[in-house]
Amino acid sequence: MVSSDQLPKNYDFAKVEERWRSTWRDEDHYFDKNSKKPQFVIDTPPPYPTGNFHIGNALNWCYIDFFARYKRMKGFNVMFPQGWDCHGLPTEVKVEELNHITKNDVSREEFRRMCHELTEQNISLMRLTLRKMAFSTDWSNEYITMMPDYYGKTQLSFLRMLKSGYIYQSEHPVNYCIRCETAIAFAEVAYDDRETQLNYFDFSGVEIASTRPELLAACVAVAVHPADERYLYIKDTKMKVPLFGHEVPVVQDEAVDPAFGSGAVMICTFGDKQDVHWWKKHNLSLRKAIDRQGKMTAIAGRYEGMNTTDCRTAILADMKSHKILKRQENLAQRVGTCWRCKTPIEILSERQWFVKIKPGEIQKAAHQIKWYPEHMLLRMENWVEQMEWDWCISRQRIFATPIPVWFCKKCGEMVVPDERDLPVDPTLVPPKIPCPKCGSNVFTGEVDVLDTWMDSSISVLNVTGWDGKGTPPYFPAQIRPQGHDIIRTWAFYTILRSVALTGSKPWEEILINGMVLGEDGFKMSKSRGNIIVPEEILSKFGADALRQWAAMGAATGSDIMFNWNDVVAASRFQTKMWNIAKFVLIQLEKEGFDQNTPVTALADRWLLVHLSDTIQQVSTAMECYQFDTALKAIREFAWDSLADNYIELVKGRLYTGDASRKSALLVLHTAFDALCKMLAPFTPYFAEECYFHLNRGASVHKQPWVSFTYEDEAARYEGNQLAQVVAEVRKYKHDTGLALNAPLGKVTIYAAHTMNDEGDTGRTLNADVHWRTDAVKLERVITDIDFNRAVIGPAFRKQAQAFITAIQALPLQQLSDPPKTIMLEGSEVRIPENSFTPKFSYLEEGAKVDVITVGDVIVTIAKSA
Ligand SMILES: [Zn+2]
Ligand SMILES: [Zn+2]
């Protein structure tokens, strides 16, 4: 430990952060399975291992680390695990790019191996950023979803839900991305606004309007409103589809809008969700015109093999040449697109795996969870309310958890593995038993794989120790922290799966964080060039400044605009705190402090009251995850109460040998010790550095949360007056051109109570200070005259100076009610209005004083000559 006069002048974050990073031990953050303390298990989001821990992640993790550290100090056995959600398309695409291959150029195993390797490299990079940011991660509870021990659990959860009827296989229309060549869930459909054309054409004598003429081959009916008199004549008839010639029924449906287009619409399998709805309701046939690659199928006849765009062009051209295209109109349209690649989605009917959605039980569990901020629950409610289709969980990809199922080649029976044999890849190994139905040994392994949300939606089961046997030992977790952008996916799926697998809610609380916007207020994106990476902030200002930015940026749950000024302000706060620290440490080093010293001086009692208030405020804010409120209160206390007021007040006392010096030392130690503890969750490096020097090498991160309380209503009131008086008199010094340490003469303070300031006021103001409780006796006298030359000049011209001399010759006190005329060079002249103003001063006991009013307190200042 260096002695405090050897402390570096400036706080060097790079050195300090590096030093503590290499000192701290991972073990100190491990969840203790044998602990008697109450558990606090965090269902940390597993980020996608892109290799870059982005600023949005940083915000999310800062929140987590703030409360993880706080809860540890509050005596909880905290688990802050770190997961990695590995599977998925972006990695497949990256592997194809890096190796200049497509997934079909190598075997599935080889392709998977390449994805694995890239993911491991990316995880290593991201772990480094996590460590630099001082997150108190429990590395003994790290999980990686692509590893067998994790995806074995995903498979186990699949089998359990298959058995209980939550999971089923069926041919059903699903959202499908033809570029990614996979089914996707509704939650993965994004929406884009675009302009399209509405085409009016002749459909066996009826005019039909359609935005997707390429689906003509998939037309299965024409629908009209039952009350639309224009179309009564075609009721119960069949109509011939133009260009293709197949016949389709006419159906009547209330949902047809007679005012849209011609009022007659064609139903295709499938143009949109409405088509699916009608198709089911009217029990129509299925015509698949588009395949999984987005190519037209055989039923498209001469258009077979074309992609949808070419087919549309060709069909419109043919309609023109057959003279059935009547006209075209522009139409604004919202199109569902793939959230990964932005390709417009198709609705294809395919054999897929689904999870049943039971809205009632999800709503019930969602309501048993405490939401921070509360209004985020509404987003979940709205999402669940509008669910129409079950969750499609099968994907036609490679780098994902295999669906652990085989089908008997002979009789089609589905065979599942024994749970003890998980994980399995059914495309690589056969089942261990012959087909229970026909005894055959020839099987096909399911080639479809699971949606990555199937992996990540059991994160909470994994961290709470689920092994398939009943309720996991640490379930439910205490909290789920996550972004509001994945409420309808990760939060929704996790609740669904927890209810399906354990019968209850996954967590007690959920904490939602906002998104980080660029400095220009827009979502960060490469094309806008407004991306800020945490590494840049870390190298310029350090982790503690970045963490302060995260806390202060906005109320929890709100989006935060990134702003370098906030980071600079955070770093300035550290500089200020470091100066306070050095001052406190130097004082304490001289003679230490004594916990039993009686605290009597007003300033000392006042600071303790403020400290007690601040601790109360910060603790309350931490309990409900209001980090901005908490850090703001800490900063205000440190900067305003401690540095600007208290230290200025007691500096003089600390340099005297007075007995009351000991009281100030105890107060300084108490306040600074508490500040370190309150800052520990926010600025772990800085707080550790200060605390280490303050308490002979002890770690602030092993201390309990500060519990100091102090009540003294008189000190609160009188101390505020004292602080205000001193601030006002200092301002007076400044305004009258005096140096702050210049001697001021006699200062008399008239207040309702005598205050035991232990001489602090006098030393701070460098004045002879007297406190009095009697009423001030002031005499208001005229001591000078201000002449208005703009009035006197024109009125007296050459006699102006003579007029001034004559007025000055009058007795001063007569000027409060001046005469109307005056003798000037022998003649009586009128005194013009506004030609002068008397200047008043106050006399106290015969001496001229300046007077300042501070609330109920009157201060008189008799400057030394
Ligand atoms: Zn896509
Ligand atoms: Zn069989």
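Gain in length, H100 to Q808, computed as 0.36 nm per residue apart minus the alpha-carbon separation, to one decimal in nm?
Answer, rounded to one decimal: 244.9 nm.
Rounded to the nearest 20 debye, what is the charge dipole size of the chain about its Cα centre when +1 sits on each Lys and Arg Cβ and -1 on each Asp and Glu Cβ?
Result for the chain is approximately 1060 debye, rounded to the nearest 20.
Can you give the alpha-carbon Rg of the chain over 2.2 N^0.38 Å, where N counts its residues?
Scaled against compact globular proteins, the figure is 1.37.
With a/c under 1.5 counting as rounded, go ahead and sort segment 484-636 into rounded, prolate or oblate using the C-alpha gyration tensor (a ≥ b ≥ c being the square roots of the eigenvalues; past the cut-off, prolate if a/b is larger than b/c, else oblate).
oblate
Using only C-alpha atoms and all pairs of different ones, pull out the Kirkwood radius for segment 411-522 in Å with one decimal.
It works out to 17.1 Å.
Among the listed pairs K731/K863; K103/K288; K9/K132; K132/K526, which have their C-alpha atoms separated by more than 18 angstrom in this model? Mind dumping the intermediate values first?
Working: K731/K863 15 Å; K103/K288 26 Å; K9/K132 24 Å; K132/K526 25 Å.
The pairs that break the limit, which is 18 Å between Cα atoms, are K103/K288; K9/K132; K132/K526.
Rounded to the nearest Å, what's the spacing between the alpha carbon centres of segment 495-552 and segment 225-256? Just the number, please.
Between the Cα centre of segment 495-552 and that of segment 225-256, the gap is 53 Å.
Can you compute the charge dipole magnitude of segment 1-118 about its Cα centre, using +1 on each Lys and Arg Cβ and -1 on each Asp and Glu Cβ, nothing else charged? Give it in debye, rounded to the nearest 20.
Charge dipole of segment 1-118: 680 debye, to the nearest 20.
Among the complete DSSP H segments of the chain, which ones combine at least 18 Å of alpha-carbon extent along their axis with a mean Kyte-Doolittle hydropathy of -0.5 or more? It would help to have the intermediate numbers written out before the result.
Working: long enough: 55-73 (27 Å, -0.05); 108-132 (37 Å, -0.96); 148-163 (22 Å, -0.58); 308-321 (20 Å, -0.14); 564-591 (42 Å, -0.07); 602-623 (32 Å, 0.20); 660-679 (29 Å, 0.72); 713-735 (33 Å, -1.04).
Counting only whole DSSP H runs, the qualifying helices are 55-73, 308-321, 564-591, 602-623, 660-679.
Kindly state, as a whole number, the per residue volume in cubic angstrom of the convex hull around the alpha carbon atoms of segment 711-801.
Convex hull of Cα atoms, per residue: 156 Å³.
How would you order 34-47, 407-420 from highest to lowest mean count of nearby Cβ atoms within 10 Å?
So the order, starting with the most tightly packed, is 34-47, 407-420.
Return an integer: the convex hull volume of the alpha-carbon atoms of segment 725-865, in Å³ per residue. Before the final figure, lay out the partial values.
On the way: hull volume 19.7 nm³, N = 141.
Dividing the Cα hull volume of segment 725-865 by its residues yields 140 Å³.
When Lys and Arg each count +1 and Asp and Glu each count -1, what net charge do the other residues less than 13 Å away from L59, Cβ to Cβ, add up to?
Net local charge, L59 excluded: -4.
7 Å from Cα along Cα→Cβ at both R19 and T821: what's the point-to-point distance in nm?
Once both label points are built, they end up 8.7 nm from each other.
How big is the dipole moment of segment 126-265 about its Cα centre under a simple scheme where the beta carbon of each Lys and Arg is +1, that of each Asp and Glu is -1, and everything else is neutral? Debye, nearest 20, please. Could you put the intermediate results ahead of the total?
Working: 13 positive and 19 negative charges, 171 e Å.
Computed about the Cα centre, the dipole is about 820 debye.
Take each of the peptides 160-166, 795-801, average the number of other beta-carbon atoms within 10 Å over its residues, and list them starting from the highest.
160-166, 795-801
Going by the alpha-carbon gyration tensor, a ≥ b ≥ c the square roots of its eigenvalues, is segment 602-728 rounded (a/c under 1.5) or, if a/c is not under 1.5, prolate (a/b greater than b/c) versus oblate?
Values: a/c = 2.03, a/b = 1.33, b/c = 1.52.
It comes out oblate by the Cα gyration axes.
Quote the FRET efficiency, to the nearest 0.05, computed for E171 versus E636 with a Förster distance R0 of 41 Å and r equal to the Cβ-Cβ distance.
Efficiency, from the Cβ-Cβ distance: 0.05.
Pull up all non-local amide H partners of T211: gap of 5 or more, or a different chain, and H-to-H distance under 5 Å with H placed in the peptide plane.
Correct list: N199.
With a cut-off of at most 10 other beta carbons within 10 Å, and DSSP calling the residue loop, which trypsin sites (Lys or Arg not before Pro) in segment 303-332 qualify? Please list them.
Here the sparse-neighbourhood loop sites are K323.
Return a whole-number percent for the relative contact order of segment 1-156, with Cα pairs under 8 Å and 6 or more residues apart as the contact set.
It comes to 34 percent, rounded to a whole number.
Relative contact order of segment 268-335, please, whole-number percent, based on alpha carbon pairs below 8 angstrom and at least 6 residues apart.
15
With a Förster radius of 56 Å, plug the Cβ-Cβ distance of V851 and A190 into 1/(1 + (r/R0)^6) and report the FRET value to the nearest 0.05.
E between V851 and A190, to the nearest 0.05, is 0.20.
Using alpha carbons only, how many angstrom separate the centre of segment 369-388 from the centre of segment 617-688?
Here the two parts' Cα centres lie 40 Å apart.
Let me make sure I get this right: for segment 600-640, a, b and c are the square roots of the gyration tensor eigenvalues over alpha carbons, sorted descending. Under 1.5 in a/c it's rounded, otherwise prolate if a/b > b/c, else oblate. Which is it?
Numbers: a/c = 6.01, a/b = 2.14, b/c = 2.81.
Judged from the Cα gyration tensor, segment 600-640 comes out oblate (a/c at least 1.5, b/c at or above a/b).
Residues with amide H under 5 Å of I184's amide H, sequence separation 5 or more or different chain, H placed in the peptide plane at 1.01 Å from N; which?
Under 5 Å from the amide H of I184 lie the amide H atoms of N175, Y176, C177, each far enough along the sequence or on another chain.
Provide the solvent-accessible area of R547, counting protein heavy atoms only and rolling a 1.4 Å probe, rounded to the nearest 10 Å².
0
Specify which residue in the list A365, G294, V355 is farthest towards the positive end of the charge dipole of segment 293-374, using unit charges on the beta carbon of Lys, Arg (+1) and Asp, Glu (-1), about the Cα centre.
The listed residue farthest towards the positive side: A365.
Between segment 797-831 and segment 7-47, what is the separation of their alpha carbon centroids in Å?
Answer, in whole Å: 82.
For the residue pair E591 and A742, what label-to-label distance in nm results when each label sits 7 Å from Cα along the Cα-to-beta-carbon direction?
Spacing of the two 7 Å Cα→Cβ label points: 3.4 nm.
Quick query: amide H of S699 versus all other amide H atoms, modeled in the peptide plane; which residues come in under 5 Å with a sequence gap of 5 or more or a different chain?
Long-range HN contacts for S699: none found.
Could you name the lysines in cross-link range of K37, using Cα to Cα under 24 Å and dropping any fewer than eight places away on the same chain?
K71, K74, K370, K505, K677, K702
List the relative contact order of the chain as a percent without decimals, with contacts defined as Cα pairs under 8 Å and 6+ residues apart.
12
Given a 1.4 Å probe and every protein chain left where it sits, what share in percent of the accessible area of the chain is carbon and sulfur?
With neighbouring chains kept in place, the figure for the chain is 50 percent.
With the other protein chains left in place, how much accessible area per residue, in square angstrom, belongs to the chain at a 1.4 angstrom probe?
Working: 38340 Å² over 865 residues.
Dividing the accessible area of the chain by its residue count gives 44 Å².
Which one, A545, L243, I184, projects farthest toward the positive side of the charge dipole computed for the chain from Cβ point charges (K/R +1, D/E -1)?
L243
The values are calculated or read from the model by the stated rules, or taken from the named source; none is laboratory data. In this text, all values refer to a predicted model and were calculated from it rather than measured experimentally. Virtual Cβ from ideal backbone geometry, glycine too; neighbours counted across all protein chains shown. The area values use the complete protein model at the heavy-atom level, side chains included, leaving out ligands, DNA and RNA. Shrake-Rupley method; radii C 1.70, N 1.55, O 1.52, S 1.80 Å.
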